[in-house]
Amino acid sequence: MHKGFFSFREKSALIKNAFIVDKNREREADIFIKDGVISEIGKGLRRKTENEINASGFIVIPGAVDVHFHIREPGKPYEEDILSGTRAAAHGGITSLLMMPNTNPPIDNPQIVAFVVKKAYEKGKVRIFPTGCATEGRKGEKISEYGLMKREGIIAVTDDGRAIKSSFAVRKALEYSKNFSLPVIEHPEDPELSGDANEGILTVKFGLTPYPAASEEIIAARDIILALHTRAHLHLTHISTKGTAEIIKIAKEKIKEYNNIDTKITCDVTPHHLLLTENDVDITNSNFKVNPPLRSEKDRTYLIQALQEGVIDCIASDHAPHPDFEKMRDFSSSPPGMSHADIFLSLCFKLVLDEVISLQKLTELISYNPAKIFGLNCGEIKEGKWADIVIFDPDKEFVVSEEIIFSKGKNCPYIGWKIKGAVKKTIVGGNIVYDSENDE
């Protein structure tokens, strides 16, 4: 696996007085970084480095690996380009991101992958891992050239923004991707059943077109059955319903029961599906419109349970920036999507403050598990791992406003929220890519 694509050189550094929290334990130690890799962890370290950082009074955790992130370049760099998107990611504690391929043109051939890689080398502030389209043009018909795209740098395939339309194409994608060790990321949605809002109070009260749970669950079930049949790796992204989580739980139990080690079923959930429900939606504010839609309290409660039980593997942002002129339309006409990469870690930390999960569990969900699923050498603070680290202030309080958002997309439903916990510094490969003292 390559190191991702970014615009800076890897450096050496020494982090002093760190209170380290990751999946396995909490400890106080210094961290010596050599040429972008964690070289030594221990107390009282003294090394000559390019940079010495005092982390006293803060928490030091692995950088987040965001497995679902939208950048609009190529095609619409005025909505989000490589620079603005990765600056927002660094601001939010994200050190690696999987870039979705639903750009314009879509990332469905090696030439477009090479374009993204070139831009990342020029401007990327965090590690960018491109994904390629599962089918040509995201049409759900003909399989893309996975091997040629992997040679240029993709680490997964997906038609995200929509599900792969044809069941036959899903099967072929799962079979073909195995030859290149590429997971298939699926956006579970039946377009014939989807609409503007969760079927329920919003569709009854305001006449919005319904987006029932069945739209998601039908595709999740189809894809899981085909993954079991082909013994492939399927990753279901931004799951939002109780039913989908239950289907995934049954599939994982079946894999374990039959010791089907070749098949992998993994999934992620977004912060907004853990923190918000349809009851929070203001239909005069299209920043609350997202795909899949905000669901019921019953769904949210079960997703949290699935998170705690290990059924859900990761938390991913699904950062989807849109310009004001698109989001100022009425709810039905506005494109779905939220911009919140800038506050990703702070939003996730709310789950810790609310005692939903521990801080150790959070690092597992946003760092360790996604790194493991996609084969990245990060996700924990350990000797030999990439030096991708976040220094976090758990006591800092701030109010979310457009002024603090680095992303070009200001379509954030959390504007006005008072949040506790903020990123102090983000380090990628030993390089400080965000510093609250200099970058605000």
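Scanning the range 199-240 for residues that are of a type in the set (Val, Ile, Thr), in contact (Cβ under 8 Å) with a residue 24 or more places away in the chain and either surrounded by fewer than 22 Cβ atoms within 10 Å (Cβ to Cβ) or assigned to a helix (DSSP H, G or I) (or both) yields a total of 6. Here residue 194 passes the criteria (1) closer than 17 Å to residue 266 by Cβ; (2) of a type in the set (S, T, N, Q); (3) out of contact with any Lys or Arg (no Cβ under 9 Å at 6 or more places or on another chain); (4) not in a helix (DSSP H, G or I) except the one numbered (1).
Residues checked against (1) among the hydrophobic types (A, V, I, L, M, F, W, C); (2) buried (at least 16 other Cβ atoms within 10 Å of the Cβ); (3) over 21 Å from residue 25 (Cβ atoms):
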{"position": "291", "(1), (2), (3)": "no, yes, yes"}
{"position": "297", "(1), (2), (3)": "no, no, yes"}
{"position": "308", "(1), (2), (3)": "no, no, no"}
{"position": "318", "(1), (2), (3)": "no, yes, yes"}
{"position": "321", "(1), (2), (3)": "no, yes, yes"}
{"position": "349", "(1), (2), (3)": "yes, yes, no"}
{"position": "359", "(1), (2), (3)": "yes, yes, no"}
{"position": "365", "(1), (2), (3)": "yes, yes, no"}
{"position": "380", "(1), (2), (3)": "no, yes, no"}
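Contact map, the range 60-71: residues that are in contact (Cβ under 8 Å) with a residue 40 or more places away in the chain and under 13 Å from residue 359 (Cβ atoms) paired with residues that are assigned to a strand (DSSP E or B) and aromatic (Phe, Trp, Tyr), Cβ distance under 7 Å, separation 6+ or inter-chain. Pairs shown: 60/19; 61/392. Evaluate the following for residue 16: is it surrounded by fewer than 20 Cβ atoms within 10 Å (Cβ to Cβ), free of Cβ contacts under 8 Å to residues at least 24 places away in the same chain and either charged (D, E, K, R) or closer than 22 Å to residue 421 by Cβ (or both)? Considered against the rule, which asks whether it is surrounded by fewer than 20 Cβ atoms within 10 Å (Cβ to Cβ), free of Cβ contacts under 8 Å to residues at least 24 places away in the same chain and either charged (D, E, K, R) or closer than 22 Å to residue 421 by Cβ (or both), residue 16 comes out as no. Just one residue in the set 389, 405 is under 17 Å from residue 127 (Cα atoms), surrounded by 19 or more Cβ atoms within 10 Å (Cβ to Cβ) and of a type in the set (A, V, I, L, M, F, W, C); that residue is 389.
Here is a list: 347, 303. Which entry is under 17 Å from residue 64 (Cα atoms) and either outside any loop (DSSP other than H, G, I, E, B) or at pLDDT below 95 (or both)? Before the answer, list the steps.
Details: 303 fails: under 17 Å from residue 64 (Cα atoms).
None of the other options fit; the residue is 347.
The condition (being out of contact with any strand residue (DSSP E or B) (no Cβ under 6 Å at 6 or more places or on another chain), of a type in the set (Gly, Ala, Ser) and not in a loop (DSSP other than H, G, I, E, B)) is satisfied by just one residue among 85, 57: 85. For the range 29-54, taking the residues that are assigned to a loop (DSSP other than H, G, I, E, B) and not charged (D, E, K, R), the one that is nearest to residue 381 (Cα to Cα) is identified as 36.
What is the one condition in (1) part of a loop (DSSP other than H, G, I, E, B); (2) within 16 Å of residue 95 (Cβ to Cβ); (3) under 21 Å from the mean Cα position of the chain (by Cα); (4) not acidic (Asp, Glu) that residue 382 does not satisfy? Only one criterion in (1) part of a loop (DSSP other than H, G, I, E, B); (2) within 16 Å of residue 95 (Cβ to Cβ); (3) under 21 Å from the mean Cα position of the chain (by Cα); (4) not acidic (Asp, Glu) is unmet by residue 382, namely (3). Meeting the requirement of 2 or more residues that are surrounded by 24 or more Cβ atoms within 10 Å (Cβ to Cβ), the helices (runs of 4 or more DSSP H) wholly within the range 95-183 are 110-123, 167-178. The one condition from (1) touching a Phe, Trp or Tyr at 6+ places or on another chain (Cβ under 9 Å); (2) without any contact (Cβ under 8 Å) to a residue 60 or more places away in the chain; (3) over 26 Å from residue 217 (Cα atoms) that residue 176 does not meet is (3).
Right, residue 157: closer than 21 Å to residue 10 by Cβ and either hydrophobic (A, V, I, L, M, F, W, C) or out of contact with any Phe, Trp or Tyr (no Cβ under 6 Å at 6 or more places or on another chain) (or both) or not? No; evaluated as a whole, the condition is false for this residue.
Of all residue pairs spaced 6 or more apart or on separate chains, those with beta-carbon atoms under 8 Å, a first member in the range 287-306 that is in contact (Cβ under 8 Å) with a residue 40 or more places away in the chain and a second member that is among the acidic types (Asp, Glu) and surrounded by fewer than 19 Cβ atoms within 10 Å (Cβ to Cβ) are 288/280; 288/282; 294/280; 302/246. Residues in the range 385-434 that are more than 18 Å from the chain's Cα centre (by Cα), small (Gly, Ala, Ser) and closer than 21 Å to residue 81 by Cβ: none.
The values are calculated or read from the model by the stated rules, or taken from the named source; none is laboratory data. Owing to the predicted nature of the structure, the values given are computational and were not obtained by experimental measurement. Cβ sites come from the backbone with ideal geometry, for glycine too, and all protein chains shown count toward neighbours.
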